[in-house]
1. Determine which member of the set Ile52, Ile146, Ile71, Ile137 is in a helix (DSSP H, G or I) and either of a type in the set (Phe, Trp, Tyr) or surrounded by 11 or more Cβ atoms within 10 Å (Cβ to Cβ) (or both).
2. Of Val19, Val77, Val98, Val105, which residue is touching a strand residue (DSSP E or B) at 6+ places or on another chain (Cβ under 8 Å), under 29 Å from Thr151 (Cβ atoms), of a type outside the set (Lys, Arg) and surrounded by fewer than 19 Cβ atoms within 10 Å (Cβ to Cβ)?
3. Among the numbered conditions (1) within 22 Å of Pro9 (Cα to Cα); (2) of a type outside the set (D, E, K, R); (3) touching a residue at least 60 places away in the same chain (Cβ under 8 Å); (4) out of contact with any helix residue (DSSP H, G or I) (no Cβ under 6 Å at 6 or more places or on another chain), tell me where Ala78 comes up short.
4. Going residue by residue through the range 1-12, is there one that turns out to be in contact with a Ser or Thr (Cβ under 9 Å, 6 or more places away or on another chain), buried (at least 19 other Cβ atoms within 10 Å of the Cβ) and within 20 Å of Ala110 (Cβ to Cβ)?
5. Of the residues Glu85, Glu92, which single one is open to solvent by 40 Å² or more (accessible area, probe 1.4 Å), in contact with a Leu (Cβ under 8 Å, 6 or more places away or on another chain) and either assigned to a strand (DSSP E or B) or touching a residue at least 40 places away in the same chain (Cβ under 8 Å) (or both)?
Amino acid sequence: MNLKMENIPNYRLAYVRQVGPYGPANAQAMETLKRWAADRHLLTESAILLGIPQDRPETTLPENCRYDACIVISADVALDDTVEEGEFTGGEYAVCTVKHTTEEVQKAWAAVFPALRQSGYQPDNKPALERYTGKMIADGYCEICIPVMKTV
(Lines give C-alpha, C1' and ligand atoms only; values in the text may rest on other atoms or scores of the structure.)
Protein backbone atom coordinates (compact mmCIF):
# COMPACT_ATOMS: atom_id res chain seq x y z
CA MET A 1 0.00 0.00 0.00
CA ASN A 2 1.36 3.38 -1.01
CA LEU A 3 0.75 5.91 1.79
CA LYS A 4 1.79 9.54 1.62
CA MET A 5 1.64 11.92 4.56
CA GLU A 6 -0.19 15.20 3.99
CA ASN A 7 -1.15 18.15 6.14
CA ILE A 8 -4.77 18.80 5.12
CA PRO A 9 -5.92 22.38 5.87
CA ASN A 10 -9.08 23.51 7.64
CA TYR A 11 -12.07 23.89 5.32
CA ARG A 12 -15.52 25.47 5.33
CA LEU A 13 -18.01 22.81 4.23
CA ALA A 14 -21.50 22.45 2.86
CA TYR A 15 -22.79 18.99 3.70
CA VAL A 16 -25.71 16.58 3.57
CA ARG A 17 -25.96 14.18 6.53
CA GLN A 18 -27.25 10.62 6.23
CA VAL A 19 -28.16 8.80 9.46
CA GLY A 20 -28.42 5.03 9.40
CA PRO A 21 -26.35 2.03 8.39
CA TYR A 22 -23.33 2.88 6.25
CA GLY A 23 -23.78 1.69 2.68
CA PRO A 24 -25.89 2.65 -0.36
CA ALA A 25 -27.60 5.52 1.47
CA ASN A 26 -24.19 7.22 1.75
CA ALA A 27 -24.01 7.35 -2.05
CA GLN A 28 -27.51 8.85 -2.14
CA ALA A 29 -26.41 11.61 0.26
CA MET A 30 -23.40 12.32 -1.97
CA GLU A 31 -25.64 12.50 -5.06
CA THR A 32 -27.93 14.99 -3.29
CA LEU A 33 -24.91 17.11 -2.40
CA LYS A 34 -23.50 16.92 -5.93
CA ARG A 35 -26.83 18.05 -7.43
CA TRP A 36 -26.87 21.03 -5.04
CA ALA A 37 -23.25 21.87 -5.91
CA ALA A 38 -23.80 21.47 -9.67
CA ASP A 39 -26.80 23.82 -9.57
CA ARG A 40 -24.46 26.46 -8.09
CA HIS A 41 -21.58 25.73 -10.50
CA LEU A 42 -19.41 24.49 -7.62
CA LEU A 43 -18.80 21.01 -9.03
CA THR A 44 -15.70 21.86 -11.05
CA GLU A 45 -12.61 19.80 -11.81
CA SER A 46 -10.88 21.39 -8.80
CA ALA A 47 -13.82 20.92 -6.38
CA ILE A 48 -12.99 18.93 -3.24
CA LEU A 49 -15.61 16.47 -1.99
CA LEU A 50 -15.33 14.60 1.30
CA GLY A 51 -17.21 11.57 2.56
CA ILE A 52 -16.90 11.55 6.35
CA PRO A 53 -18.26 8.69 8.48
CA GLN A 54 -18.77 10.32 11.88
CA ASP A 55 -19.21 7.14 13.92
CA ARG A 56 -17.56 3.76 14.28
CA PRO A 57 -19.93 0.89 13.45
CA GLU A 58 -18.24 -1.30 16.07
CA THR A 59 -19.31 1.11 18.85
CA THR A 60 -22.43 2.79 17.40
CA LEU A 61 -25.69 1.08 16.50
CA PRO A 62 -26.12 1.01 12.70
CA GLU A 63 -29.31 3.08 12.84
CA ASN A 64 -27.38 5.85 14.66
CA CYS A 65 -24.33 6.02 12.35
CA ARG A 66 -23.84 9.45 10.76
CA TYR A 67 -22.26 10.02 7.34
CA ASP A 68 -21.58 13.50 5.96
CA ALA A 69 -21.29 14.06 2.20
CA CYS A 70 -19.37 17.35 1.97
CA ILE A 71 -18.00 19.87 -0.49
CA VAL A 72 -15.35 22.44 0.37
CA ILE A 73 -16.72 25.95 -0.17
CA SER A 74 -15.34 29.47 0.02
CA ALA A 75 -16.53 32.06 2.51
CA ASP A 76 -18.71 33.80 -0.10
CA VAL A 77 -20.86 30.76 -0.97
CA ALA A 78 -24.42 31.23 0.31
CA LEU A 79 -26.21 28.19 1.71
CA ASP A 80 -29.88 27.25 1.72
CA ASP A 81 -31.94 24.68 3.62
CA THR A 82 -30.83 21.87 1.28
CA VAL A 83 -27.42 21.65 2.99
CA GLU A 84 -25.83 22.26 6.37
CA GLU A 85 -22.72 24.32 7.05
CA GLY A 86 -19.75 22.83 8.85
CA GLU A 87 -16.04 23.08 9.35
CA PHE A 88 -13.41 20.45 8.74
CA THR A 89 -10.50 20.66 11.16
CA GLY A 90 -7.44 19.60 9.22
CA GLY A 91 -4.21 18.08 10.39
CA GLU A 92 -1.76 15.33 9.50
CA TYR A 93 -3.27 12.53 7.38
CA ALA A 94 -2.01 9.37 5.74
CA VAL A 95 -3.43 9.37 2.21
CA CYS A 96 -3.73 6.55 -0.28
CA THR A 97 -5.25 6.75 -3.75
CA VAL A 98 -7.50 3.88 -4.83
CA LYS A 99 -9.74 2.94 -7.72
CA HIS A 100 -13.25 4.06 -6.75
CA THR A 101 -14.95 0.69 -6.79
CA THR A 102 -16.62 -0.98 -3.83
CA GLU A 103 -14.10 -3.83 -3.90
CA GLU A 104 -10.98 -1.64 -4.12
CA VAL A 105 -12.17 0.81 -1.46
CA GLN A 106 -13.00 -2.07 0.94
CA LYS A 107 -9.57 -3.63 0.32
CA ALA A 108 -7.88 -0.30 1.00
CA TRP A 109 -9.78 0.25 4.25
CA ALA A 110 -8.70 -3.23 5.42
CA ALA A 111 -5.03 -2.64 4.50
CA VAL A 112 -4.52 0.96 5.59
CA PHE A 113 -4.32 0.45 9.36
CA PRO A 114 -1.67 -2.33 9.27
CA ALA A 115 0.31 -0.21 6.77
CA LEU A 116 0.12 2.76 9.15
CA ARG A 117 1.55 0.77 12.04
CA GLN A 118 4.42 -0.44 9.83
CA SER A 119 5.14 3.19 8.88
CA GLY A 120 5.52 4.31 12.52
CA TYR A 121 2.17 6.08 12.74
CA GLN A 122 -1.05 5.43 14.59
CA PRO A 123 -4.55 6.73 13.89
CA ASP A 124 -5.44 10.01 15.59
CA ASN A 125 -8.82 10.37 17.29
CA LYS A 126 -10.59 12.20 14.43
CA PRO A 127 -12.80 10.85 11.66
CA ALA A 128 -11.17 9.20 8.67
CA LEU A 129 -12.54 10.24 5.29
CA GLU A 130 -12.73 9.62 1.60
CA ARG A 131 -11.66 12.56 -0.56
CA TYR A 132 -12.53 13.21 -4.19
CA THR A 133 -11.81 16.00 -6.66
CA GLY A 134 -13.81 16.58 -9.80
CA LYS A 135 -10.88 15.22 -11.84
CA MET A 136 -10.52 12.13 -9.64
CA ILE A 137 -14.23 11.38 -9.97
CA ALA A 138 -13.97 11.64 -13.77
CA ASP A 139 -10.95 9.30 -13.72
CA GLY A 140 -12.62 6.81 -11.32
CA TYR A 141 -10.40 7.31 -8.25
CA CYS A 142 -10.70 8.50 -4.67
CA GLU A 143 -8.40 8.95 -1.70
CA ILE A 144 -8.70 7.40 1.72
CA CYS A 145 -7.39 9.80 4.36
CA ILE A 146 -6.63 8.61 7.88
CA PRO A 147 -5.78 11.15 10.61
CA VAL A 148 -2.43 10.18 12.12
CA MET A 149 0.10 10.92 14.79
CA LYS A 150 3.66 9.66 15.00
CA THR A 151 4.17 6.79 17.43
CA VAL A 152 6.69 7.40 20.16
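1. Of the residues listed, the single one that is in a helix (DSSP H, G or I) and either of a type in the set (Phe, Trp, Tyr) or surrounded by 11 or more Cβ atoms within 10 Å (Cβ to Cβ) (or both) is Ile137.
2. Result of the check over Val19, Val77, Val98, Val105: Val105.
3. (3)
4. yes
5. On inspection, the qualifying residue turns out to be Glu85.
The values are calculated or read from the model by the stated rules, or taken from the named source; none is laboratory data. Model, not experiment: these values are computed from the prediction. Neighbour counts run over all protein chains shown; Cβ positions are idealised from the backbone, glycine included. Heads up: the accessible areas ignore ligands, DNA and RNA and are worked out on the full protein's heavy atoms, side chains in. Shrake-Rupley method; radii C 1.70, N 1.55, O 1.52, S 1.80 Å.
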